[in-house]
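A.B. asks: Attaching a single structure in structure tokens format; questions to follow.
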Amino acid sequence: MSNTEYYRPELHLTAEVGVLDAPAAVLLDGDTWHVFHQYRPDPAAPARWGHQFSEDTPYEWEECDDVLAPSAEEAKVRAGSIAAMENGLHLYFTSVTSQTDSEQSTQIHLAHIDNLPATTADLSEDPLALDPQVERLGAVVTDETGAEAGINNFRSPCVVPDWVTHEDRDEGHAGWLMLAVTGSMERPGLAMLHSDDGRTWQLQGALRFEGNTGIDPAANIVSPRILRLRDEVDGEIHDVLLVTVEHEGVDISGYLVGQLHQAVFTVSSPFRRIDYGHDFTRPRNTTFTPGTMAEEERFDRAALVGQLNGIGRLDDPAKHLSLTAEGWANAMSIPRVTTLQGGVLFQTPAAGLVEQITHTHSAQSWTGLCEVPEGSEITVELLDAAGNLATRVSHRGSTLVLDRSMNPHHQGDRPASADLAEGDSDSLTIIVDGSTVEVFADGGAVSMASRVYFEGGCSEIRVSESGQASVERSFRRSAGSLDTSRLPDWAEEELDAEF
């Protein structure tokens, strides 16, 4: 970010030029973060896959050569996922061969990277150059795969390891599972597949649910992902199904908790929003290369990201102020360290954020431990460069509200709100980075992410109390601060969590 790019965040990943359509896959390899993302160099260009990496912390992103672009037979390449294996990475992606969005013909294709570290070295000066480390291996799931069951148009694959036995998950993994979107764009379905080697796939069937999902049967479920976490309450490993529900032109992203066996997902906790802000969508979990996570810890926590765009595929990037003013559109959320507690996901910013803020031009954060009785309020006002109110965050004890409607660029937007759990104390963390605002409350039980255009940047985070509310302790970080000491002990669980 330059001193004249007020909207581009410095800690959040964006496309250097063009439109970031969605993070396709996130990988942690030792201490190096990799993001493979679907993007367009300009709004009229066909979608392709970019690649960025950040060493030690996921806040200093550097662009690599692109990994995938449409071939002569393809109209575009769209989102997918990756699988980390002993001999490198498998990249599963959607190959689109038709020319219209309403009548797409899609297949799932495979590419492979043998030498991941080499993808971050010897980079081309051509912004559209393709990485020679990436080998395309062709189609692995086509209409023929689902012909007998009448399932077609496989796309948006999520690939995860399968279990040795469903009855005892502590025995480890064998083979691979794929969850994919199928059918038409107007009425998509979900399907499960299995492979022993990650290349030859057999259809297990259309995914069906047992139990109450909490999702309107008429709603479209898209962009699914499978996450496995050990619940800190019952000690069992659960499947967490991350989904985005398209509803009246708006994306609503959330999760269901349960057990997945072949093509049946048995629900134990129905749909719950993963983020209550205006702009978090298409959540993605992080893959780990072998050896990055200790076997005994691999289900204790995860790292999630999302796209900061509340409309998703129906969005018009030409209407984004960031595109017209600075040449880019959309950002990825900061990675969130995520745990499962009593069927609820808790999310906390990944480690390194607090110190990294001090090396930026304009990023800020505020964390407070508060007492907010019912009828009282902690108000946090975010001001632009001229001192005008651009956004207000209100903690009302049982409710958290993010209101940007007073901002001329967001005039008329309904405030985002979320219910908060009752407790003896209330925590609140707010991170402002360019045109992004992310809020975490109740130790990460509630999160909110919204795009906010600050004219000239955010100049101040101003906190006030009303009624019997009080801020018991607080902690600030701002750009250019010389104090890089560690967080106070009380704030460590609220902000800057170790992975």
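The values are calculated or read from the model by the stated rules, or taken from the named source; none is laboratory data. Note that the structure is predicted; figures quoted are calculated from it, not measured. All Cβ positions, glycine included, derive from the backbone under ideal geometry; neighbour counts span all protein chains shown. To get the accessible areas, we keep the full protein, side chains included, count just its heavy atoms, and leave off ligands, DNA and RNA. Shrake-Rupley method; radii C 1.70, N 1.55, O 1.52, S 1.80 Å.
A.B. asks: Calculate one ³J(HN,Hα) per residue across region 426-435 by plugging θ = phi - 60° into the Karplus curve 6.51 cos²θ - 1.76 cosθ + 1.60, and present them in order as whole Hz with x for glycine and proline.
C.D. replies: 10, 10, 8, 10, 10, 10, 10, 9, x, 9
A.B. asks: Modelling each spin label as a point 7 Å along the Cα-to-Cβ direction, I'd like the Ser474/Arg199 distance in nm, to one decimal.
C.D. replies: The modelled label-to-label distance comes out at 6.0 nm.
A.B. asks: Glu232's amide H: which non-local residues (gap 5+, or another chain) put their own amide H closer than 5 Å, with H modeled 1.01 Å from N in plane and none for Pro or chain starts?
C.D. replies: Leu340, Gln341, Gly342
A.B. asks: For the chain, build the charge dipole from Cβ charges (+1 Lys, Arg; -1 Asp, Glu) around the Cα centre, then report which of Leu227, Pro290, Gly327 sits farthest towards its positive end.
C.D. replies: Gly327
A.B. asks: If you average the C-alpha positions of region 164-193 and of region 27-42 separately, how far apart do those two centres end up, in angstrom?
C.D. replies: 23
A.B. asks: Determine, from the Cβ-Cβ distance of Ala206 and Glu171 and an R0 of 25 Å, the FRET efficiency 1/(1 + (r/R0)^6), rounded to the nearest 0.05.
C.D. replies: Computed FRET efficiency for Ala206 and Glu171: 0.35.
A.B. asks: Going by the alpha-carbon gyration tensor, a ≥ b ≥ c the square roots of its eigenvalues, is region 313-468 rounded (a/c under 1.5) or, if a/c is not under 1.5, prolate (a/b greater than b/c) versus oblate?
C.D. replies: prolate
A.B. asks: Quick one: accessible surface of Arg462, probe radius 1.4 Å, all protein chains present, in square angstrom to the nearest 10.
C.D. replies: Surface open to solvent at Arg462 totals about 100 Å².
A.B. asks: Quick one: length gained pulling Ala45 to Ala385 fully straight, 0.36 nm per residue minus the C-alpha distance?
C.D. replies: 118.9 nm
A.B. asks: Using the Cα centre of region 353-484 as origin and beta-carbon charges of +1 (Lys, Arg) and -1 (Asp, Glu), tell me which of Ser478, Pro373, Ala418 is placed farthest towards the positive end of the dipole.
C.D. replies: Ser478
A.B. asks: Only Lys, Arg, Asp and Glu count, each charged at its Cβ (+1, +1, -1, -1), so figure out the dipole size of the chain about its Cα centre, rounded to 20 debye. Intermediate results must be reported in sequence, preceding the final value.
C.D. replies: On the way: 33 positive and 81 negative charges, 263 e Å.
In total the dipole reaches around 1260 debye.
A.B. asks: Which value, in debye to the nearest 20, describes the size of the charge dipole of region 353-484 about its Cα centre when Lys and Arg Cβ atoms bear +1, Asp and Glu Cβ atoms bear -1, and nothing else is charged?
C.D. replies: 400
A.B. asks: What is the set of long-range amide H partners of Ala24 at a cut-off below 5 Å, with H atoms built 1.01 Å from backbone N?
C.D. replies: Phe36, His37, Gln38
A.B. asks: For region 16-92, which trypsin sites (Lys or Arg not before Pro) are in a loop by DSSP, counting at most 16 other Cβ atoms within 10 Å?
C.D. replies: Sparse-neighbourhood loop trypsin sites (Lys or Arg not before Pro): none present.
A.B. asks: Now for a different question. Quick one: if you stick a label point 7 Å off each Cα along the C-beta vector at Gln262 and Leu137, how many nm between them?
C.D. replies: It works out to 2.6 nm between the two label points.
A.B. asks: Could you check the spin-label model distance between Glu498 and Asp413? Points 7 Å from the Cα along Cα→Cβ, value in nm.
C.D. replies: 3.6
A.B. asks: In deg cm²/dmol and to the nearest 500, what is the mean residue ellipticity at 222 nm of the chain if only DSSP H runs of at least 4 residues count, each as -39500 (n - 2.57), divided by the residue total?
C.D. replies: It comes out at -500 deg cm²/dmol, rounded to the nearest 500.
A.B. asks: Given region 18-337, what whole percent of its Cα pairs are spread farther than 37 Å?
C.D. replies: When all Cα pairs of region 18-337 are counted, 10 percent exceed 37 Å.
A.B. asks: Around His359, which amide H atoms from residues at least 5 apart in sequence, or from another chain, sit under 5 Å from its own amide H, with H modelled in the peptide plane?
C.D. replies: Gly480
A.B. asks: Quick one: length gained pulling Asp114 to Ser184 fully straight, 0.36 nm per residue minus the C-alpha distance?
C.D. replies: Numbers: separation 70, 0.36 × 70 = 25.20 nm, distance 3.45 nm.
21.7 nm is the gain from fully extending Asp114 to Ser184.
A.B. asks: Could you pull out the GluC sites (Glu not before Pro) across region 96-171 that fall in loop regions by DSSP (anything but H, G, I, E, B) with no more than 14 other Cβ atoms inside 10 Å?
C.D. replies: Glu103, Glu125, Glu148, Glu167
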